[in-house]
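As structure tokens, the structure follows; a few thoughts come after it.
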Amino acid sequence: MTTNVEETLVLVKPDGVARGLTGEILRRIEAKGYSLVDVRLVQADRDLLAEHYAEHLGKPFYEPLVDFMESGPIVAFRVAGNRVIEGFRSLAGTTDPTTAAPGTIRGDLARDWGLNVQQNLVHGSDSPETARRELALWFD
Ligand code: IDP
Ligand code: MG
């Protein structure tokens with residue numbers, strides 16, 4: 001076993017903050033054994049969201065996604081731990097909340113509301129490069 005201590009960006013999206021699930025999401029991160037390094041409550045503007053979601057520019061869900069992410073406050077967590085990038089993605093579950101596995105954040109706490117964007121409560125960085133880029137955007 002090699003040590004691979006990493007940091008990742010977790011966002012509690014506006015649906016999670018509005019539903020009062022910030023504490024439950026942090027509880028699951030801490031219960032798994034990861035460490036909270038920093039936290040911010042952010043009202044994101046379009047410039048920040050355009051940079052954050054640059055990889056999705058031009059996709060059909062891009063505009064609804066940015067509108068949704070701008071619709072209310074977001075809580076950003078900087079989280080650390082060995083293999084935390086992969087580990088948080090596993091805690092979060094797959095993107096579509098209807099079919100995300102029970103036991104995951106999305107599987108237990110999110111659903112399809114029939115809107116044109118998936119309100120799936122959380123974002124987690126998907127690679128070390130993405131984590132570095134996203135942490136710089138949300139925390140620096
Ligand atoms: P991820 O959050 O699981 O990494 P991504 O593919 O990076 O998923 O997509 C970013 C976000 O865009 C998703 O979390 C979800 O909120 C939204 N999204 C992704 N795909 C769709 C789609 O097909 N329809 C509607 N919204 C989507
Ligand atoms: Mg993603």
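The values are calculated or read from the model by the stated rules, or taken from the named source; none is laboratory data. In this text, all values refer to a predicted model and were calculated from it rather than measured experimentally. We place every Cβ from the backbone using ideal geometry, glycine too, and count neighbours over all the protein chains shown. Only protein heavy atoms, including side chains, enter the accessible area calculation; ligands, DNA and RNA are left aside. Shrake-Rupley method; radii C 1.70, N 1.55, O 1.52, S 1.80 Å.
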Quiz prompt | Heavy-atom accessible surface of the stretch 20-140: percent carbon and sulfur, 1.4 Å | solution = 51
Exercise. Go ahead and set up a Gaussian network model of the chain, Cα springs under 10 Å, then flag whichever of Phe77, Phe88, Phe68 fluctuates most.
Key: Phe68
Quiz item: Ratio of the stretch 76-140's C-alpha Rg to 2.2 N^0.38 Å, to two decimals?
Solution: 1.19
Quiz item: For the charge dipole of the stretch 31-140, defined by +1 on Lys and Arg C-beta atoms and -1 on Asp and Glu C-beta atoms about the Cα centroid, which residue among Ala131, Met69, Ser90 has the Cα displaced farthest towards the positive pole?
Solution: Ser90
Quiz item: Can you give the calculated 222 nm mean residue ellipticity of the chain, where each DSSP H run of n ≥ 4 adds -39,500 (n - 2.57) and the sum is split over every residue, rounded to the nearest 500 deg cm²/dmol?
Solution: -11000 deg cm²/dmol
Quiz item: How much accessible surface does Leu57 have with a 1.4 Å probe, in Å² rounded to 10?
Solution: 120
Quiz item: Label-point separation (nm) for Thr98 and Asp47, each offset 7 Å from Cα along Cα-to-Cβ?
Solution: 3.8
Quiz item: So which chymotrypsin sites (Phe, Trp or Tyr not before Pro) in the stretch 1-61 end up in coil per DSSP with only 14 or fewer other C-beta atoms within 10 Å?
Solution: Phe61
Exercise. Over the chain, consider all pairs of different Cα atoms and compute the Kirkwood hydrodynamic radius from their mean reciprocal separation; express it in Å, one decimal.
Key: 15.2
Quiz item: Expressed in nm to one decimal, what extension gain is obtained for the pair Ser90 and Thr3 from 0.36 nm per residue of sequence separation less their Cα-Cα distance?
Solution: 29.4 nm
Self-check item: Average accessible area per residue (Å²) across the chain - probe 1.4 Å, nucleic acids and ligands excluded
Solution: 52
Self-check item: Quarter of Cα convex hull surface for the stretch 1-56, i.e. mean projection, nm²
Solution: 5.6
Exercise. Would you mind computing, in nm to one decimal, how far apart the modelled labels at Val37 and Asp112 are, each placed 7 Å from Cα along Cα→Cβ?
Key: 3.7
